[in-house]
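The values are calculated or read from the model by the stated rules, or taken from the named source; none is laboratory data. Note that the structure is a prediction, hence the values are computed from the model and not measured. Backbone-built Cβ (ideal geometry, glycine too); neighbour counts: all protein chains shown.
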């Protein structure tokens, strides 16, 4: 392969020498052009092949080093078990195509997509443009305040109000965290060490009911607290997200270790899923592992994860700075594009024309908020925590912006949650109801995801207006089948148009409902009023 | 180099085997992490080295092919002359560092930066996002018209008005083009074939005066026609740009061939600049070369340029489609962000607060217009013409968006014009006044560039309001010295902030002046009124 380029050269020389008369000059030029094009192509192929080769070489080398490393880790496991697991996991991946068994998530040391992309000059410049826009927004606010009031104001009343009653939020959060630490783990520890080995018995079912009861209380009690204390939206948003996150975490822990324990007797060294078994003197993983899992930026429970060598505190600080900057960005966008248009909501807003104008006006800001929220949470926040916990696998998202199909977009947008849904919903559903029900499993995943999203919005806003649910379960689900056939890159344009329209509608409709509930009088005091969108019935 | 990776591996193995006790597990892990990092770094280096090697190999191969090809080209030149020039040009480049002689522009077959960048998935997605935003804007207009008027309107009155009286523009353009073809070339042909060889004489100076007279008439007469027929701004913009373009083209042609002819007797085969001489029977290049130069997307005259193999008409069509799409984009931006705010200009706009608000409101749209204008003209339009003319050198701009210094931004933003300014202003100035006056030469280039830009705006808008000139010659020139020391990538943020603020001010101030001149009564009928900004003195 590598010798093709130079081999062509004498041929080119020969061509030229054979054609000596001026009349064939054009022909010769054509030939030479062709040779040059060919050389360019060959060069590209050569590059590609060499790089591929090099990648393979490197991957195999790293895999070997990794195997040695993990095999020799002495975190309470036998030296050989871990490497067996890795092999089994990779076997599983291949097997899945034969017997329909679905592959497990494999954790490896890797950086986030944007971390790698930012090393490209041109992509880094896009980041700089966003920073420049933030600087311009800030300058705008500062100078405007200075002109208007003759002094620097710098009051972020929206943020202050939205994140109000923060001490109460912190207290509630500590209680929630403590309950997962001091209720779930001890209970599971007690159950795992005291259950009679063998098939599930009555006692096990009672424990299961208790567990489900706990999860229900975990969802209900904080909501009660939130509504009683009338926490503002952003504070409530934090609580709702933490509820769901901790629920998913405890489910992952209980689900993984429960199955492991139930399968314990069948095969002493490992269970049917290929997960390793804790040492026989303790049937429950150590508390430190549970604690690490509760803070680690993943929702899939493993006894150990690939770890990085050290903590770069500068990187942690820069990531938290980015989170703060994104918060400012969101503030500016809301303050500038959302609040002025909807603050004075009245029945004039309900005409088709006004609705249309607001929806289209919200499309760019709405999508910007989505993108900034993604960057703040799924890139900066998770990377900061991963760095502090030396968590190696930073693939929290993939390159969803390049998606040409909606299914790919859903899979790549939030890998952390997607992995949880895939492992504990999709796979478990397939295991229970058979692999022929994959479509039903997918629909269930969609439903649960849509319900979770809507749940967060209902709790945060304090009203029921299932726009997101309708979009998610309706258009979003439908688009999967519409775009799934499209492998052409131009479907990416369709995806972005759909994202723009979707985000515009979301931002516009939720803002309208929010201000309608502020400005319009209550029709009745019944529960029905809570369900009927006020922006539809507003009469002032 | 290539064996370093694998060589490391036995070492890693050995490390692991030597450390058998559990207490050294952490140490071992650290070692392994280090090995993995080292391997990653080695892989990077290997990649880089291989690619560099490959690039060099390929470059030398292409250069050889090119030499053979150009040596054998029979476009009226001796077989050996061209290859000598290439060598001399590359010698010049090296020489320039020794004796201060400035290098010449070298034309080579190469693609535009964006053409290459669009092959990266992530950059292509950014293009798709722009397309999606255009689709959303169009949908907005269509649906709004449909809701408002019950039918599709699709009248782009702004474009229709701005580009009004197009037949007159076409007629004027044809006259301008014909004058460069039927006046400049025949006159130069006559002079070159009839002058007495040797040092410049009286006759030559008379011809020079006639040439300067022609250029003056070329600038004055179309303006007279434009003002008499009251052409709208976009039509006038076309005329003004074409005036300057054709002026620069004729200057390049006359300047290059004049010097070549004046130096003719000194050295029969080539002149002091290393340019080749036409065959002795004709001292002026063939008409076809002049014609090709007039249409080719370059302002530097050469008797021949690197050419591509064939015309990809699909590519031409796609580029013109992009130009049209960019026109629509500009229309939407003006219609949405500019006209509604300034249409009703009155004295309320002149308060500091209103001024501030409009300036900041214009920053994002203004920069977007700049970027879209850049893409439409410097990428799509020039690429379409280059493709149709099989013009090989597509480096019309470089990656200005990555610039960290203003001088780099000015050099890379518009390579076509920069090359002209560099070759025919900067180099000629240095040649005339010595190389110690480089700062003066740079200032002159800036001044001419600023005057040209301001000229276009004055002609297009029909009023004198030198905001761009002040920015260009003031802030823009000053920033060169401010940012020139900054090699850190974060200066790129400063550049973008400056671009945002500059474009915001430009768009805001020119729009205000435009509508002030429409809405505010004329103070006096004198020429002074033409010079005093109406937006400053508006009293309604």
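Taking residue A:121 as the residue in question, decide whether it is at the interface with chain B (Cβ under 9 Å from one of its Cβ atoms), surrounded by fewer than 15 Cβ atoms within 10 Å (Cβ to Cβ) and farther than 28 Å from residue A:218 by Cβ.
Numbers: at the interface with chain B (Cβ under 9 Å from one of its Cβ atoms): yes; surrounded by fewer than 15 Cβ atoms within 10 Å (Cβ to Cβ): yes; farther than 28 Å from residue A:218 by Cβ: yes.
The answer is yes for residue A:121.
Residues that are free of Cβ contacts under 8 Å to residues at least 60 places away in the same chain and either buried (at least 21 other Cβ atoms within 10 Å of the Cβ) or within 14 Å of another protein chain (Cβ to nearest Cβ) (or both) within region A:375-400 comprise A:378, A:400, listed in sequence order.
The set of residues in region B:154-167 being assigned to a helix (DSSP H, G or I) and either touching a residue at least 60 places away in the same chain (Cβ under 8 Å) or within 11 Å of chain A (Cβ to nearest Cβ) (or both) consists of B:158, B:159, B:161, B:162, B:166. List, please: which pairs have Cβ atoms under 7 Å, are six or more places apart or on different chains, and start with a residue in region B:125-153 that is within 7 Å of chain A (Cβ to nearest Cβ) and end with one that is assigned to a helix (DSSP H, G or I) and modelled with pLDDT under 80? Filtered contacts from region B:125-153: B:147/A:352; B:147/A:353; B:148/A:353. Can you tell me which residue among B:392, B:434, B:361 is modelled with pLDDT under 95 and touching a strand residue (DSSP E or B) at 6+ places or on another chain (Cβ under 6 Å)? Residue meeting the stated conditions: B:392.
Here region B:326-372 is the region considered, the condition is being outside any helix (DSSP H, G or I) and away from every other protein chain (no Cβ under 14 Å), and the residue that is farthest from residue A:129 (Cα to Cα) is B:346. Among the numbered conditions (1) more than 10 Å from every other protein chain (Cβ to nearest Cβ); (2) under 24 Å from residue B:332 (Cα atoms), the only one that residue B:111 does not meet is (2).
Going residue by residue through region B:116-123, is there one that turns out to be assigned by TED's automatic domain parsing to the domain that holds residue B:245 and not in a helix (DSSP H, G or I)?
Of region B:116-123, the ones assigned by TED's automatic domain parsing to the domain that holds residue B:245 are none.
No, every residue in region B:116-123 fails to be assigned by TED's automatic domain parsing to the domain that holds residue B:245 and not in a helix (DSSP H, G or I).
Given the condition farther than 28 Å from residue A:162 by Cα, surrounded by fewer than 20 Cβ atoms within 10 Å (Cβ to Cβ) and in contact with a strand residue (DSSP E or B) (Cβ under 9 Å, 6 or more places away or on another chain), answer yes or no: does some residue in region A:307-315 qualify? There is at least one residue in region A:307-315 that is farther than 28 Å from residue A:162 by Cα, surrounded by fewer than 20 Cβ atoms within 10 Å (Cβ to Cβ) and in contact with a strand residue (DSSP E or B) (Cβ under 9 Å, 6 or more places away or on another chain). The residues on offer are A:298, A:236, and the sole one that is part of a helix (DSSP H, G or I) and either crowded, with 18+ Cβ neighbours inside 10 Å or modelled with pLDDT under 90 (or both) is A:236.
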